[in-house]
Every structure is written in C-alpha cells, then in structure tokens.
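Undergrad: Quick one: the structure is below, questions incoming.
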Amino acid sequence: MKKPVARSHLALLLASLAGAASAEAQIPTDSHINFSPLPENGFMRIAIADPGNHTWNLQVSHDLIFWYEFETIKVHNGRFAKNLHVLENTPRSFYRLNFDPVLQAGESRVNQALALPSTPGNYALPSLPAHFLTPQVIAQDNTPADNPVTDRAATLGRVLFYDKRLSANNTISCASCHQQEHGFSDPRQFSIGFRGEETDRNSMGLTNAKYYERGHFFWDERSQTLEEQVLEPIQNEVEMGLTLDELVTKVSAERYYAELFTLAFGDAVVTSERISLALAQFIRSIISTESKFDHGRSSNFSNFTPQENQGRRIFNGQGRCDDCHGTDNFVSDTVFNNGLENPYTDPGIGAITRRQQDLGKFKTPSLRNIALTGPYMHDGRFRTLEEVVEFYDSQVVNHPNLAPQLRNNNRPIRLNLSEAEKRALVAFLNTLTDPNLTTDPKYSDPFNYGE
Ligand code: HEC
Ligand code: HEC
C-alpha cells in the first residue's frame, strides 16, 4: 500500500463567519478538506475526505496569532464531517485544521470508530414467519455446522463488510458494490474496483443468500461455499487487490478489531479464516421476511391488488417463472441456460467445468428484492423489470443448452402475454421488495463519520 507522506504540518484552511479562505499546504496524499460557511443558521461545516484515516487538529483563533486547540479529529473509514456552531456575539473566529505527523500513532477503540448498539443486534435468532419454517425452506439453509451465526461474529462481519481498509488503497468496501438501499447490489451495470477498473459481471444482490441449497456462490458458482466466496473479492485484482497476508496485517493494526475479534472469537488473533467466518455470518444474517409478498402469505394474498394477484398467477402459471425461481425464496436448486444469447460472450459455468453442456449456464438468482437490484442478468443487460419480462415473453434465444422449461416443441418459448399481463407480472415482482431490509440499522454502515 502507498503510504501517505506529510512533509509539513502547516495550517490548511482558514474560515470565519464572513466566509472561507484557503491556503495551499502539504497534506497527506489523497486527502481533501472543505470548510463551508452556513451563515443562515450560524453553522460552519467542515468535511474531511481522507482514505489514510489520519488524526487532525482543529484549532481556533480570534486574531490569527494565537491558536487554541479546539478538537482532535480522528478520521474513520475515509471521511469525517461536522457542523461547528459559530457564536455571533464573539469576535470573528478563524478555524484551521492542522496535520501533525506526531499525532498519527493514536488508536481508535470500538466506541470511537464505530456507532454500534450497546447490546449487539439480533443476527442469530431472527423471528421467522411460518412459511420460513417449512421443511423445504429449512432444507435450503446452507449454514455449515461449524459456522452458525452468532450476534458478535456477525457484528464483526458487518464492520468488515463496510470497512474500506479491505481494499489495497482504502477506497472500496464490500458495500461499495453491495449497497443496502439496492438490495445489497450495485445500480451500475458493472461495478468499479479500487483502481477504477470495471468488474466483468453485474454485482449480485445478497438477500437471503443463506437460503440456497446448492450453497455455491457467484454467477458461475465457482465458490463451493460462502466462507470460500467472501475472501475472493478481497484478493481480486480488479475489486479490492489485497493478499490474505496484507489483509491480516491491515486488520490486525486496528485497535477496535482486537476488541471485536475478542468478542466474536474469544481472543484478539486476526486470521483470514476468522475474517471469512465473520463475513459469511453477516451475509447469512441478511434475511428478508417483511415484503408485501410475505405479509400476504398467510392470508392468501388478500393484501394484494387484483393486478398483483394476476401477476402472481402468471408467475406460477403461464409464465413458468416458478419452475426455476421456486419456493418462497424464488430460487432454484439447479443452474440454467435461460437463452439470453447464442453464442454466449461469457460462457458462465462452461468456463469452469470446460464442458459443452454447461455453456451459458448461470446461477438462478433469488428474486427477493428484485425491484431494487437492477440492472439484471449476469451481464446487467436489462435495465428494468419491464425489459426482463419482455425478454421472457418474446426474446428467449435458441441454444443447445437452453433449459427445457424455456422451450416449447423444441423451440424457444413465446409466452404471448398481453401488455396488461406483462404489467401485472412486474407488479407481482415488485411485491417481493422488503423496505425493512434496506433501512434496518443492523445491516447498515456502522462507522463513525462525525455527523
Ligand atoms: C468491486 C465490486 C465488488 C466488491 C468490492 C465486492 N463485490 Fe461481491 N460481487 C461483485 C460482483 C461483480 C459479483 C458477481 C461476480 C461473478 O459472479 O463473477 C459479486 C458476487 C458476490 C457474491 C455472490 C452472491 C451469490 O448469490 O452467489 C457474494 C456473496 C459477494 N459478492 C460478497 C462480497 C463480499 C463479502 C465482499 C467484500 C469482502 C464483496 N462481495 C466485495 C462485486 C463486488
Ligand atoms: C429455466 C429456468 C428459468 C425460468 C423458467 C425463468 N428464469 Fe429467470 N433466471 C434464470 C437464470 C438462470 C437467470 C440468470 C441468467 C443469467 O444471468 O445468465 C435468471 C435471471 C432472472 C432475473 C434477473 C435476476 C438478477 O438478479 O439479475 C429475473 C428478474 C428473472 N430471471 C425473472 C424471471 C421471470 C419473471 C420469469 C418468468 C417469466 C423467469 N425468470 C423464468 C432462470 C429462469
């Protein structure tokens, strides 16, 4: 990793009630500081972007000669912001942020770096509705016996998931490409890694990843377990770019991780295996049970509009969607070629197994929170659910490996849905959105960024 260098510790910026003035000075590479006066309410906002997570000294002066310590600011996870109240009846105040190399040895404890609840969130024992307690759904659970979800290790996993230190230049976290408000997916067709390069495939939503019986991960299922998968992006040259040794060194260097590892595993030893266990636990804890679909499940969907119910019948009937996106998790127990193109630019599972009969086969993703996770398919080719429905209605392409469920008389299926039926199908897909999941604090960014 490139170490930021500071060659001096000059004052950086001055600001007063009347406005802000800036002075050129040496600050750590990649850091940016912004003072913006908010005169209408007597506040001034300071914002620091600092991937090196340095400690800064905020100082105040009334005459630009004597400077007083106002506050020490430690940046966590790349940024800090705060509004300062500027008193009107005092003489003009000038503020400056001072970068002092001597201050940089400071360590942050959990309660400084993170805004975690005093009792850990409930990750281990979420209350599940009856339709999640059926033998079918229980059989989908891919939690291994040696890594059950515990509240404390899942909390550690949550912190790791949001920590940009897991990338080589401290700019990308798992959450950069798996955003809570987008069902833990990325609204971009391809995601951007730590050097600004694009990923080869569309990011995947992580809702109910625990309920996938095959227990394999990635579009081409190249990871055999979730525990194996979570270390891949960290080492991927486009995504995060660390070796496992570098990962362990960086995580071990943080005081608050010593506390979190101790709570999770009984001692402060950081290993890549423990990082993998904790990340996998956090992901398995991301469970959606509060969508409109879930609420309707016990009342035969009396909460649905007629259009949503029409869409539900098409999904399970004429549309044959449930042949592959089955069960209450809308997921399959096998992989398919769903006829996107011929030949496939991306051979999918065929590139892993090197078998003709696997060309163009991909994981059948869960449709939970599907309205939030666009664009769609492994290459993000469809922007909207309307485009997806149009595809299944009339654009499925013939391919030697095309799934039998998408054939009719050995030809690609044509659903011949009316415009109203297509709209109904989309309306049904929208009932799979769980607004709780996108706002639940237990899945959110835990870092302390000031305010
Ligand atoms: C730069 C963007 C990026 C970052 C960073 C990233 N991911 Fe991903 N993630 C993706 C993409 C793209 C895919 C699909 C890749 C593929 O299938 O080849 C994916 C797939 C996954 C999957 C597979 C889901 C499934 O249903 O099979 C999981 C789980 C996952 N990521 C977890 C993580 C974790 C944990 C981290 C952090 C350690 C992380 N990701 C960091 C972009 C990213
Ligand atoms: C033969 C099995 C099969 C059938 C039938 C099927 N799908 Fe799919 N579906 C898949 C597979 C496999 C993928 C992933 C394909 C890829 O990305 O290459 C997919 C992807 C999707 C996606 C995109 C998911 C994402 O995260 O990007 C949506 C939405 C979707 N299907 C909806 C439907 C609807 C609606 C129907 C019924 C009209 C349907 N599917 C029928 C197998 C199927």
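Undergrad: For segment 148-215, what class follows from the C-alpha gyration tensor (a ≥ b ≥ c being the square roots of its eigenvalues): rounded when a/c is under 1.5, otherwise prolate if a/b is larger than b/c, else oblate?
TA: oblate
Undergrad: Would you work out which of Gly106, Phe66, Thr262 lies farthest towards the positive end of the dipole of the chain, given +1 charges on the beta-carbon of Lys and Arg and -1 on that of Asp and Glu, about the Cα centre?
TA: About the Cα centre, the residue reaching furthest to the positive side is Thr262.
Undergrad: Further, regarding this structure: Just flag the trypsin sites (Lys or Arg not before Pro) in segment 92-171 sitting in loop per DSSP whose Cβ has no more than 14 other Cβ atoms within 10 Å.
TA: Values: sites: Arg92, Arg96, Arg109, Arg152, Arg158, Lys164, Arg165; in loops: Arg92, Arg109.
Within segment 92-171, the qualifying trypsin sites (Lys or Arg not before Pro) (loop, at most 14 other Cβ atoms within 10 Å) are Arg92, Arg109.
Undergrad: If you don't mind, there's one more thing I want to ask. Order by neighbour count: Ser298, Ser418, Ser31, fewest other Cβ atoms within 10 Å first, most last. Could you put the intermediate results ahead of the total?
TA: On the way: Ser298 12, Ser418 9, Ser31 21.
Fewest to most other Cβ atoms nearby, the residues stand as Ser418, Ser298, Ser31.
Undergrad: Order by neighbour count: Met240, Met44, Met377, fewest other Cβ atoms within 10 Å first, most last. Could the numbers behind the result be given before it?
TA: Details: Met240 25, Met44 22, Met377 19.
Lowest to highest Cβ neighbour count: Met377, Met44, Met240.
Undergrad: Would you mind giving the average projected area, over all directions, of the Cα convex hull of the chain in nm² with one decimal? Walk me through the intermediate numbers first.
TA: Numbers: hull surface 102.4 nm².
Mean projected area for the chain: 25.6 nm², to one decimal.
Undergrad: Sticking with this one: Normalised by the residues of the chain, what does the relative contact order come to in percent, with Cα pairs under 8 Å and at least six apart? Display every interim value, and only then the final one.
TA: On the way: 908 pairs, mean separation 72.2, N = 451.
Answer for the chain is 16 percent.
Undergrad: Hey, rough spin-label estimate for Asp146 and Thr439, points 7 angstrom out along Cα→Cβ, what's it come to in nanometres?
TA: 4.2
Undergrad: Multiply the residue separation of Ala124 and Ser418 by 0.36 nm, subtract the distance between their alpha-carbon atoms, and state the gained length in nm to one decimal.
TA: Values: separation 294, 0.36 × 294 = 105.84 nm, distance 4.50 nm.
Once the chain is fully extended between Ala124 and Ser418, it gains 101.3 nm.
Undergrad: Each label point is 7 Å from the Cα along the Cα-to-Cβ direction; what then is the distance between the points at Thr271 and Val60, in nm?
TA: Inter-label distance under the simple model: 5.1 nm.
Undergrad: Here's another thing I want to ask about it. What spacing in nm lies between the two simple spin-label points modelled at Arg92 and Gln112, each 7 Å away from Cα in the Cβ direction?
TA: Simple spin-label model gives 3.5 nm for this pair.
Undergrad: For segment 348-365 and segment 283-319, write down the distance between their C-alpha centroids in whole Å.
TA: Here the two parts' Cα centres lie 30 Å apart.
Undergrad: What does the charge add up to near Leu340, with Lys and Arg as +1, Asp and Glu as -1, over the other residues with Cβ less than 9 Å from its Cβ?
TA: Values: positive: Arg381; negative: Glu341, Asp379.
The answer is -1.
Undergrad: What trypsin sites (Lys or Arg not before Pro) in segment 338-391 are in a loop by DSSP, with at most 13 other Cβ atoms within 10 Å of the Cβ?
TA: Details: sites: Arg354, Arg355, Lys361, Lys363, Arg368, Arg381, Arg383; in loops: Arg354, Arg355, Lys363, Arg368, Arg381, Arg383.
In loop regions of segment 338-391 (DSSP not H, G, I, E or B), the sparsely surrounded trypsin sites (Lys or Arg not before Pro) are Arg354, Arg355, Arg383.
Undergrad: Same structure again: Taking K and R as +1 and D and E as -1, what net charge do the other residues with C-beta under 10 Å from the C-beta of Arg158 add up to? Before the final figure, lay out each step's value.
TA: Details: positive: Lys442; negative: Asp163, Asp445.
Surrounding charge for Arg158 is -1.
Undergrad: Are there chymotrypsin sites (Phe, Trp or Tyr not before Pro) in segment 346-429 that DSSP puts in a loop and that have at most 10 other Cβ atoms within 10 Å, and which ones? Before the final figure, lay out the partial values.
TA: Values: sites: Phe362, Tyr376, Phe382, Phe391, Tyr392, Phe428; in loops: none.
Answer by residue number: there is no such site.
Undergrad: If R₀ is 25 angstrom, what is the calculated FRET efficiency for the pair Asn408 and Arg222, using the beta carbon separation as r and rounding to 0.05? Each step should come with its number before you reach the end.
TA: Details: r = 32 Å, r/R0 = 1.28.
My answer for the efficiency is 0.20.
Undergrad: Next question, about the same structure. Specify which residue in the list Ser272, Tyr376, Cys324 is farthest towards the positive end of the charge dipole of the chain, using unit charges on the beta carbon of Lys, Arg (+1) and Asp, Glu (-1), about the Cα centre.
TA: My answer, from the dipole projection, is Cys324.
Undergrad: Let me check I've understood the local charge: for Asp445, count other residues with C-beta under 15 angstrom from its C-beta, Lys and Arg +1, Asp and Glu -1. What total comes out?
TA: Values: positive: Arg79, Arg158, Lys164, Arg165, Lys442; negative: Asp163, Glu181, Asp440, Glu451.
That sum, taken over residues with Cβ under 15 Å, equals +1.
Undergrad: If you don't mind, there's one more thing I want to ask. Which residues does a label at Ser252 reach in segment 266-302, if reach means a backbone N under 20 Å from a point 7 Å past the Cα toward the Cβ?
TA: Answer for this model: 266-279.
Undergrad: Another question, then. Can you give me the P(r) profile for segment 292-436? Cα pairs, bins 10 angstrom wide beginning at 0, each as a whole percent.
TA: Here the calculated profile for segment 292-436 is 12, 41, 34, 12, 2.
Just so you know, all these numbers are worked out from the coordinates, no wet-lab data involved. The structure presented is a predicted model; accordingly, all values stated were derived computationally and were not measured. Counting neighbours? That spans all protein chains shown, and the Cβs are built from the backbone with ideal geometry, glycine included.
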